Amino acid sequence: MSRMEVAQVLHMNGGVGDASYANNSLVQQKVIYLTKPIREEAITSLYCSMLPKSLAIADLGCSSGPNTLSVVSEFIKMVEKLCRELKHKSPEYKVYLNDLPGNDFNNIFKSLDTFKEKLCDEIGSAIGPSYFSGVPGSFYSRLFPNRSLDFVHSSYSLQWLSKVPEGVENNRSNIYIGSTSPTNVVRAYYQQFQRDFSVFLKCRAEELVEGGRMVLTILGRKSDDPSSKEGCYIWELMATALNDMVLQGTIKKEQLDTFNIPQYTPSPSEVKLEVLKEGSFFINRLEVSEVHWNAFDEWNALEFEYERSESLSDGGYNVAQCMRAVAEPMLVSHFGEDIIEEVFSRYQQILADRMSKEKTKFFNVTILLTRKA
Ligand SMILES: C[S@@+](CC[C@H](N)C(=O)[O-])C[C@H]1O[C@@H](n2cnc3c(N)ncnc32)[C@H](O)[C@@H]1O
């Protein structure tokens, strides 16, 4: 998949239907919840060091669903609380929501009025004036004017590469780095991550003001080994479903051999290395958190406004739906629509079987950075 194709094909399932990202993003919601203390630290230190009259914040890879505005809401609440404590006037907020052009921005825009009303109700008073904009485009390019942002946030988006790396033609029967991937494939994926992440850092270094903060959470791994199960297993099991369909004759072998996911799940040291090489940021914090594949496993659904139903307690179904919301547009574009139901029904069974036998987790690498003077 070339860069252009990724920009067109990569998006979460839009709308609010059963397979939509909006209804299948509980894992990502939980990750946002787990990383709240790091944002709290970032926002408090940002506000107290600058005492700004105006704050520009950007959420990169915002998608469309309950998570899209949750970090913005949290940000505004934290700043309003600081203003009250310090007896300052509220600043004005400039909020930029970025994603690739295929994202369901309309769905976000339609929810903005209700969002603002709810936020004022929750805070119990009027907030500073807030101005929202959608910014379609790749975060692997410049998106904002020089020195125009105070705070950049991104959660569960930077594991997506700008394109499938070149030179992975021999990654047969795999769709990402897998236990049988040749070493050149593993290297190609890592090098693509290095190129992409360094471009990302360079662009944000131009766009952030001095002292601006950036909190990035990336689906990653703890292990130093890029082919460790931690980052790859979820895709390897999808590849199993696809390989079964090749054996059955519903998918052509060449079709599977030429399909690779534009993703890389980095370790904390790989993230750190790129930040140090780029040189524009201090690293304030670098942490790894963990979340079960099936977020309902250990999650109080009611607290997060998800209705618990019989189907939601089925781990295989939950995880398959979560992955479907993320991967369906890419699969449809490569294999066509007809195979989708069967892929995900097989995948659900494979997932349920593995999850009954082993503890399966996603690992999240979070980094807090400050733009140097
Ligand atoms: C799994 S969603 C995460 C959404 C949201 N931040 C959350 O935590 O629920 C990843 C999002 O990143 C977006 N994305 C991937 N690559 C991107 C790029 N190069 N530029 C902008 N957005 C991108 C995808 O379109 C998708 O909406």
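Condition first: within 16 Å of the ligand (Cβ to nearest atom), modelled with pLDDT of 90 or more and not in a helix (DSSP H, G or I). Now tell me which residues in the range 65-100 satisfy that. Walk me through it before giving the result.
Filtering the range 65-100 for residues within 16 Å of the ligand (Cβ to nearest atom) gives 65-75, 95-100.
Subsequent filtering for residues that are modelled with pLDDT of 90 or more retains 69-75, 95-100.
Within the range 65-100, 69, 95, 96, 97, 98, 99, 100 qualify.
Mind telling me which of the residues 278, 210 ends up being surrounded by fewer than 16 Cβ atoms within 10 Å (Cβ to Cβ), charged (D, E, K, R) and modelled with pLDDT of 95 or more?
After ruling out the rest, the residue left standing is 210.
Residues in the range 32-84 that are among the hydrophobic types (A, V, I, L, M, F, W, C), farther than 25 Å from residue 110 by Cα and touching a residue at least 60 places away in the same chain (Cβ under 8 Å): 34, 38, 42, 43, 46, 50. On the stretch given as the range 241-262, residues that are among the β-branched types (Val, Ile, Thr) and either surrounded by fewer than 16 Cβ atoms within 10 Å (Cβ to Cβ) or more than 16 Å from residue 346 (Cβ to Cβ) (or both) total 3. With respect to the conditions (1) without any contact (Cβ under 8 Å) to a residue 40 or more places away in the chain; (2) within 16 Å of the ligand (Cβ to nearest atom); (3) over 20 Å from the mean Cα position of the chain (by Cα), residue 207 lacks only one, and its number is (1). Could you tell me which residue of the range 91-119 is farthest from residue 327 (Cα to Cα), considering only residues that are polar (S, T, N, Q) and surrounded by fewer than 20 Cβ atoms within 10 Å (Cβ to Cβ)? Selected residue: 114. The numbered conditions (1) in contact with a helix residue (DSSP H, G or I) (Cβ under 7 Å, 6 or more places away or on another chain); (2) more than 16 Å from the ligand (Cβ to nearest atom); (3) part of a strand (DSSP E or B) are all true for residue 57 except (2).
Can you tell which of 168, 135, 164, 152 is surrounded by 17 or more Cβ atoms within 10 Å (Cβ to Cβ) and not in a loop (DSSP other than H, G, I, E, B)? Please lay out each step first, then the result.
Working: 168 fails: not in a loop (DSSP other than H, G, I, E, B); 135 fails: surrounded by 17 or more Cβ atoms within 10 Å (Cβ to Cβ); 164 fails: not in a loop (DSSP other than H, G, I, E, B).
152 is the lone residue from the list that is surrounded by 17 or more Cβ atoms within 10 Å (Cβ to Cβ) and not in a loop (DSSP other than H, G, I, E, B).
The values are calculated or read from the model by the stated rules, or taken from the named source; none is laboratory data. Model, not experiment: these values are computed from the prediction. Every residue, glycine as well, gets a Cβ built from its backbone with ideal geometry; the counts of neighbours run over all protein chains shown.
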